[in-house]
Amino acid sequence: MSGVGSGYDLSVTTFSPEGRVFQVEYAGKATDNGVPCVGVCCKDGAILAVEKPEETKMMLPQSNRRIFTVSRHCGMAVPGKLPDGRQIVSRAHQEAEQYKRFYGETIPTKVLCDRLANFCHVFSLYWSLRPLGSAALTASFDDQGPHIYLSETNGVSYRYYGIAVGKGRQGIKTELERLKLGEMTTREALKVVCKCLMRQRDESSNKKYEIELAWISEETGREFQRVPEDLAKQTVEDAKKEIEQEDSDSDMEA
Amino acid sequence: MIPHCQLPSHIATGPHVSPFVSSPSHAGRAEDLHVPSSGSSAPFSVAPSADHAEASAGAEPRKHTTYPYVTGNSVLAIKYKDGVLMAADMLGAYGSTKRYKSVQRILRVNDTTIVGASGEISDFQYISNLLDELMTQDFCYDDGCTMTPKEVHAYLCRVMYNRRNKMDPLWNSLVVAGVDKTSGSFVGSVGMLGTSYTDSHVATSFGNHLSRPLFREFQRDDMSLEEAVSLMQEALRVLFYRDKTSINKYVLAKVESSGVAISKPFALDTKWDLKAFVNPSKHAVGSW
């Protein structure tokens, strides 16, 4: 208990004198330091992309999923702590199914994401609970068109043109801001998103990584699907080549 | 409490009933109820309480669905060389009234499975919702495989049997048909009580008596699509001539390994100018 302002971070039920709830902020850091996830909304659909480091050489590729399908028209990527994220996904399943059963229509994305934000928020209200170390990056396509929502662990949920969470999110966000996403098709944006992710990688780490891609668009019949394996592979290769090309170009100029 | 205003014990004396009474000792739960504390202590008993009557006076036990209202009739399904064929008419009958004439009773479940239903239409709509939910779950697993017709059949068996155990059956006979990549064509049936079987050909309700004899004689698992369609048409025609709750408007569905195709509604050629039909009472002396 030394110094002013310390000792207020022991519980989610305690405010600091400045009106902050430290535990919730710490929980947010779990997503901020986790794998980078990007969601963008394009002209005809939306894309989710996650860059995952190879945890061990013995792990089979594509066995540590971070993008999940919630219902036919909606899927989500989970940054941060994966088990916490799965809790959110399974809640999303329930909400989507229950809404459909009750109202006979697919759940509007706004309703779903608000409910998920509420679900996350509940964990920051009781001393006996721990806030979730994850968030829900939702991509969907409903009557109102394509959507990207981010429902965070502190209980807020906003809709975005494009958003990044996890490591290197600031850099990715500024890159996304430069793009005219609203004029691109999902197919065009796929490579651009990969490039954004790759550029923000820590050059010093030689760890292998894998990019998980999923999309929903008119092309997929408004169904949430992971990008076909060969296309995803090709896109990543192309993005890698283009980045190398650009780098050598700028070297020549210098 | 006002002494000269003593009320009989079975009349409620709670504060919400009588403005005169406010003694806290009488605010107990038992006195809030319109039930005599014991039968003999009541000075005058006008009528037994409602729930007492239900227990003793032989009220009807609780009943669930005891008969269907809007019903569909026969569904037929046969295997052929490349897949399966299913047919049903489009009637939703209200008793013997041909009430709804555009009811599709064949449902595409996924790329490999279709389900046809006879019996209560609303129960079939409920089953359709169940299957839709099941397929959405299957889609969400995102594991690159979908449910096979055999699995759908087993699922529906459980649903129907579970509901009959609750004494609240779904009033349907279902036919599940489809193609499985590993084990080939599948045709199976589930009854209202959860009874089930699989065969090379299956029919429900009247079809059991009128179509299956034809199938037994003419259906082969290696018959061509054309042969299968003409056999099916013949079976439908036989049914239409003899089954009064059927209409000449059918839907034909086929499943092959390439996917599901359900036809537009169509009618069959029928021939009614047979001699026996001209004077129907001629050979039925004694009737009208």
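The values are calculated or read from the model by the stated rules, or taken from the named source; none is laboratory data. A quick note: this is a predicted structure, and the numbers were derived from the prediction, not measured. Here Cβ is always computed from backbone atoms with ideal geometry, including for glycine, and neighbour counts include all displayed protein chains. These accessible areas exclude ligands, DNA and RNA; they are computed on the full protein's heavy atoms, side chains included. Shrake-Rupley method; radii C 1.70, N 1.55, O 1.52, S 1.80 Å.
Considering only residues in the stretch A:47-75 that are in contact with a strand residue (DSSP E or B) (Cβ under 9 Å, 6 or more places away or on another chain), open to solvent by 40 Å² or more (accessible area, probe 1.4 Å) and more than 9 Å from chain B (Cβ to nearest Cβ), the one that is nearest to residue A:176 (Cα to Cα) turns out to be A:53. Annotation: residue A:42 fulfils all but one of (1) under 13 Å from the mean Cα position of the chain (by Cα); (2) open to solvent by less than 20 Å² (accessible area, probe 1.4 Å); the unmet one is (1). Restricting attention to the stretch A:150-173, the residues that are aromatic (Phe, Trp, Tyr) and not in a strand (DSSP E or B) add up to 2.
On the stretch given as the stretch A:1-50, residues that are at pLDDT 90 or above and more than 30 Å from residue A:185 (Cβ to Cβ) total 25. Of the residues contained in the stretch B:216-229, none is found to be free of Cβ contacts under 8 Å to residues at least 40 places away in the same chain, within 24 Å of the chain's Cα centre (by Cα) and open to solvent by 30 Å² or more (accessible area, probe 1.4 Å).
Hey, among the residues in the stretch B:130-149 that are within 11 Å of another protein chain (Cβ to nearest Cβ), in a helix (DSSP H, G or I) and not hydrophobic (A, V, I, L, M, F, W, C), which one's most open to solvent (accessible area, probe 1.4 Å)? Please lay out each step first, then the result.
Keep residues of the stretch B:130-149 that are within 11 Å of another protein chain (Cβ to nearest Cβ), which gives B:130, B:132-144.
So of that shortlist, the ones also in a helix (DSSP H, G or I) come out as B:130, B:132-141.
Then keep just the ones that are not hydrophobic (A, V, I, L, M, F, W, C); that gives B:132-133, B:136-138, B:141.
On the way: B:132: 64, B:133: 35, B:136: 34, B:137: 74, B:138: 22, B:141: 153 Å².
My answer is B:141.
Note on the stretch B:110-128: residues that are assigned to a strand (DSSP E or B) and under 22 Å from residue B:78 (Cα atoms) total 8.
Working only within the stretch A:100-149, note down all residues that are among the aromatic types (Phe, Trp, Tyr) and more than 18 Å from the chain's Cα centre (by Cα). Of everything in the stretch A:100-149, those that are among the aromatic types (Phe, Trp, Tyr) and more than 18 Å from the chain's Cα centre (by Cα) turn out to be A:102, A:103, A:123, A:126, A:127.
Listed here are the residues, each with its yes/no results for (1) over 23 Å from residue B:87 (Cβ atoms); (2) within 14 Å of the chain's Cα centre (by Cα); (3) touching a residue at least 60 places away in the same chain (Cβ under 8 Å).
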| site | (1), (2), (3) |
| --- | --- |
| B:130 | yes, yes, no |
| B:136 | yes, no, no |
| B:157 | no, yes, no |
| B:181 | yes, no, yes |
| B:197 | no, no, no |
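Residues are listed down the side, and each one gets a yes or a no for (1) in contact with a strand residue (DSSP E or B) (Cβ under 8 Å, 6 or more places away or on another chain); (2) among the β-branched types (Val, Ile, Thr); (3) not in a loop (DSSP other than H, G, I, E, B):
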| position | (1), (2), (3) |
| --- | --- |
| A:90 | no, no, yes |
| A:97 | yes, no, yes |
| A:124 | no, no, no |
| A:127 | no, no, no |
| A:141 | yes, no, yes |
| A:148 | yes, yes, yes |
| A:191 | no, no, yes |
| A:195 | no, no, yes |
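For the stretch B:104-129, residues that are aliphatic (A, V, I, L, M) and within 14 Å of another protein chain (Cβ to nearest Cβ) total 1.
Scanning the stretch A:76-114 for residues that are within 13 Å of chain B (Cβ to nearest Cβ) and among the acidic types (Asp, Glu) yields A:95, A:97, A:105.
Residues in the stretch A:90-114 that are of a type in the set (Val, Ile, Thr) and in contact with a helix residue (DSSP H, G or I) (Cβ under 9 Å, 6 or more places away or on another chain): A:106, A:107, A:111.
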